[in-house]
Ligand code: GLC
């Protein structure tokens, strides 16, 4: 079996981390398969894939294609950017078509909206196309219109949660969709192992002895809740010393989609948190950063489609507080293996952080139960078994196992 994976971005955001673990799981399950990755941008994902025995083709997106997207605002107000983006997409489509023809895959698996569209338009005739959906696409005005046009060229979709599958079903009712939860590397993301010096990375003097370290681990996408996190920290009474960390950076190129560090620093000043909050920048060793924390916060202000950091934090044995909506809400039980609060509720988040600052016993219980929960949800062998079944069904529909026997959930049939 020869599979080509398509991904627009080379940096390690959530969808790329998910792809990296997917490649590792498929490679382990099928060591002889020929796996290729076509990337629209160079970055750490390329090296990570090569290390897993995947052949990487770098085919950089033209700037105009990389920058166009719904996050740029009301797209009809940007006729020039849109026209330039369409033109660049047409040129890129030709290039991608040539690459796919030369690799001659048995199956194409795309990640990310731009690659779903480009893959559907260029895949060699008769080659099944699997769309791996990581986000609520019905909310993207331009994207959803284009997906409606392209979806008949896609054979099947895989979504990262039931909540995302439901959204996709409302947008494209005819498209068969399987829910397959992401995997994480449970050895790397584990309670034992080195810890990063977050104060040093953030350029701060060491935190006061006994200070509880509370961190938001996220890209700088605006909906990841950086402002909410800072507001919650500013509401904490000073009875237990703490230090907050913002771990991550602006890694995407779509115009208007992210905060800049200067904007976030201005918010730190406005809330009088200077010295109490540090910025580490992008960190490749996420488990090392998480292990250095006493509490991992997830603060997305909109329903989170899945939320890699939630399961990664749990796997590292660090208590997690998460915004309880969307796919994220499928990943934990409030009070049992993590704490939840309503998205956008700064007072609610502050309350849950306050509970954990004061209660070491609760931190310990959540840490242990969280690790068990991550092991149950995010095993790589489970992901490979579910995904390989989808691939085989596309290649030989008659040989597919009856869908009822699958351990995962078929939707939209
Ligand atoms: C996207 C989603 C995020 C999810 C990741 C991996 O980045 O926004 O919620 O964790 O994909 O599926």
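Just so it is clear, none of the values below were taken in a lab; they were calculated from the coordinates. Treat the numbers as computed from the prediction; the structure is a model and nothing was measured. When we count neighbours, we look across all protein chains shown, and the Cβ atoms used for this are built from the backbone with ideal geometry, even at glycine.
In terms of Cα atoms, the Rg and Dmax of the stretch 84-242 work out to 21.9, 66 Å.
The alpha-carbon atoms of the stretch 18-140 define a convex hull whose volume equals 114 cubic angstrom per residue. Between the helical axis of 79-103 and the longest alpha-carbon principal axis of the chain there is an angle of about 60 degrees. Between the stretch 254-278 and the stretch 303-344, the alpha-carbon centres lie 24 Å apart.
Averaged over residues, the count of other Cβ atoms within 10 Å places the peptides 335-345, 111-121 in the sequence 111-121, 335-345, highest first.
Using only alpha-carbon positions in the stretch 184-224, the gyration tensor eigenvalues give semi-axes of 21, 19, 10 Å once each is multiplied by 5 and square-rooted (largest first). Suppose the Debye formula is applied to equal point scatterers at every Cα of the stretch 228-338; what is log10 I(q)/I(0) at q = 0.14, 0.15, 0.22, 0.24 Å⁻¹? The Cα Debye sum returns log10 ratios of -0.64, -0.74, -1.48, -1.54. Peptides 377-384, 289-296 ordered by packing proxy, namely the average of other Cβ atoms within 10 Å per residue, highest first: 289-296, 377-384.
The protection proxy used here, the mean number of other Cβ atoms lying within 10 Å of each residue, ranks peptides 149-161, 276-288 as follows, highest first: 149-161, 276-288. Pairwise alpha-carbon distances in the stretch 1-60 exceed 20 Å for 14% of all pairs.
The sum of -39500 (n - 2.57) across all DSSP H runs of n ≥ 4, divided by the residue count of the chain, sets its helix-only mean residue ellipticity at 222 nm to -12500 deg cm²/dmol.
With all distinct Cα pairs included, what does the Kirkwood hydrodynamic radius of the chain come out to in Å, to one decimal, could you say?
22.0 Å
The angle between the Cα long axis of helix 141-150 and the longest principal axis of the Cα atoms of the chain comes to about 30 degrees, rounded to the nearest 10.
With the Kirkwood sum run over all distinct C-alpha pairs, the stretch 298-388 has a hydrodynamic radius of 13.3 Å. The P(r) of the stretch 90-133 has a tail past 15 Å containing 34 percent of all C-alpha pairs. Computed as a quarter of the hull surface, the mean projected area of the alpha carbon convex hull for the stretch 189-278 stands at 6.9 nm².
Take the convex hull of the alpha carbons in the stretch 125-214; its mean projected area over all directions comes to 10.4 nm².
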